[in-house]
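The structure appears below as structure tokens.
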Amino acid sequence: MSIFSKLFGSSSAASEEDNDKENKNSFPEKNMTIDEQFIYNFKKNGGKFLYCENQEEVTEQFENILQENDWYESEVLCYEASLFGILEENKLSFTKVNNPKFLFAGCENLIADEGSVLFSSRQIKQHKPNELPTNIVVFAKTSQILAFKTDGLSAIKKKYEGDYPTNITAIKYFEKAKEEDFTQYGSSAKNIYLLLLEDL
């Protein structure tokens, strides 16, 4: 049984809430696997996590996101040719956009210790986080989960070998901070969905 199925197999909201409470008390981060730690921290940051076992489930979950937010026939910010197909299938405009409803992007890596998503100019060009749409849909694979941001930076260096992308940035705040929470001061909160495809 997949670790994701074990963690998120519950169907009732009440039992999910109980599981969250139980996880906070009896599931300290140091005893978690990297995958578990990422999911725990990502959800704690306010991210919406959608686990997919195959490409068909990615397509289905993507359509569910569109339906939930009424984003059909919307403009989308997307710079990755490998993602254009799913946008075309759903009749979404992604060329010459003026008012995109959301960003649809891959990522460099998912960082477990802070539950963040690491982007570079390959996914977001030279945009700063506050210049991106509030809503972001990320497509990633389980093999992209790494323990620390330094691991992510090393992976980028190895992957691109001299042709390094610029504008490397991590987004880790996925909901509006409470006014008294000074730790998020200056950050740009995003409504983020993660379509995570099992590839290990």
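The values are calculated or read from the model by the stated rules, or taken from the named source; none is laboratory data. Owing to the predicted nature of the structure, the values given are computational and were not obtained by experimental measurement. Neighbour counts run over all protein chains shown; Cβ positions are idealised from the backbone, glycine included.
Computed values, structure above
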item: Sole exception among (1) in a loop (DSSP other than H, G, I, E, B); (2) within 18 Å of E36 (Cα to Cα) for N167, by number; result: (2)
item: Test result for T166, at pLDDT below 95, over 17 Å from F104 (Cα atoms) and either crowded, with 19+ Cβ neighbours inside 10 Å or in contact with a helix residue (DSSP H, G or I) (Cβ under 6 Å, 6 or more places away or on another chain) (or both); result: yes
item: Residues being part of a loop (DSSP other than H, G, I, E, B) and in contact with a Gly (Cβ under 8 Å, 6 or more places away or on another chain) - total across segment 101-157; result: 2
item: Residue count, segment 41-65 (criterion: of a type in the set (K, R) and out of contact with any strand residue (DSSP E or B) (no Cβ under 8 Å at 6 or more places or on another chain)); result: 1
item: Given (1) buried (at least 19 other Cβ atoms within 10 Å of the Cβ); (2) without any contact (Cβ under 8 Å) to a residue 24 or more places away in the chain, index of the condition S93 fails; result: (1)
item: Residue within segment 66-75 that is touching a strand residue (DSSP E or B) at 6+ places or on another chain (Cβ under 8 Å), under 27 Å from G152 (Cβ atoms) and touching a residue at least 12 places away in the same chain (Cβ under 8 Å) present; result: no
item: For Y173: the one exception among (1) within 26 Å of N54 (Cβ to Cβ); (2) among the aromatic types (F, W, Y); (3) at pLDDT below 95; result: (1)
